[in-house]
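*Asks:* Mind having a look at this structure? Questions to follow.
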Amino acid sequence: MIASKSRLKQTLSISKQFSARMLDIRDMSEKDKLFSFLEGRKPWAEAELQRRGVQDLASAQAMPKESTF
């Protein structure tokens, strides 16, 4: 059980690092960055961001910090 928790934490860390680097690609369009960011969210969070009509990555990243979802 402890080994599986450790492995899960490591996998999540790698996933977060990959996502962060993916969003730093310079020639990636803003629309593609937003899509990649939304794809990495939990379904309920992605739906909430879409419901709010986010149009750019900066807005999408700021919303969870300022809301309670």
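We did not get these values from a lab; they are worked out from the coordinates using the rules stated. Just so we're clear, the structure is a prediction, and the values are computed from it rather than from any experiment.
*Asks:* In nm, what is the difference between 0.36 nm times the number of residues separating Lys31 and Met63 and their Cα-Cα distance?
*Replies:* Additional length available on full extension: 9.8 nm.
*Asks:* From the backbone phi of the stretch 53-59, what are the Karplus-calculated ³J(HN,Hα) couplings (6.51 cos²θ - 1.76 cosθ + 1.60, θ = phi - 60°) in whole Hz, Gly and Pro given as x?
*Replies:* Result, ordered by residue: x, 4, 10, 9, 4, 4, 5 Hz.
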